[in-house]
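Heads up: the structure comes next, in structure tokens.
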């Protein structure tokens, strides 16, 4: 996917639930940092929020969903426009210096656009998962799948690409969002003029697609 026409950030965006749960006056005491649970989103422009304010992208919209679960969640969005799985492998190491409780992996679509073999994409995603699990043995993993139409002659490629996400989820005992773009693809009211990247309204739909899978996991992790 294309690089952001204007750069909001090159690093990560982090939001802590308690900072959005109170006004400037009369706030409840901040949660004990040692009890914080981190949801780490690692994706491409579909999660970064191409051409949008960082807080309009679905990962930061999670903060509002997490509010009823308590003040002990931190959401970190380390997604990057144009990101491939190979690029993800290069970007990952610095983030492993911090604990991760829930790892949300949304990468792969740019590999498909570049015609990278599905097996290579799969291997890269597995390596990312393995590295996260090695540093965070109790991490809960959510794999975000993508289903969309591609103007390619190889229908087997598309089928293998779509199937890859469910196979990775099964292999790694991970939860699966079957299709991040469900309800958004093809709707001009929910997409930017490029017809592929969701606009702010579209990201609210992406949020619901993810939250259906993530909510029970967040409740379980938050109760520990």
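Just so you know, all these numbers are worked out from the coordinates, no wet-lab data involved. From a predicted model like this one, the values you see are computed outputs, not experimental measurements. Note that each Cβ is placed from the backbone with ideal geometry, even for glycine, and that neighbours are counted across all protein chains shown.
Taking every C-alpha pair closer than 8 Å and separated by at least 6 residues, the mean separation divided by the residue count of the stretch 13-222 gives a relative contact order of 22 percent.
Per-residue packing, averaged as other Cβ atoms within 10 Å, sorts the ranges 40-50, 105-115, 175-185 into the order 40-50, 105-115, 175-185, beginning with the highest. Compute the separation of the alpha-carbon centres of the stretch 125-144 and the stretch 155-200 and state it in Å as a whole number. Taking the Cα centre of each part, the stretch 125-144 and the stretch 155-200 sit 20 Å apart.
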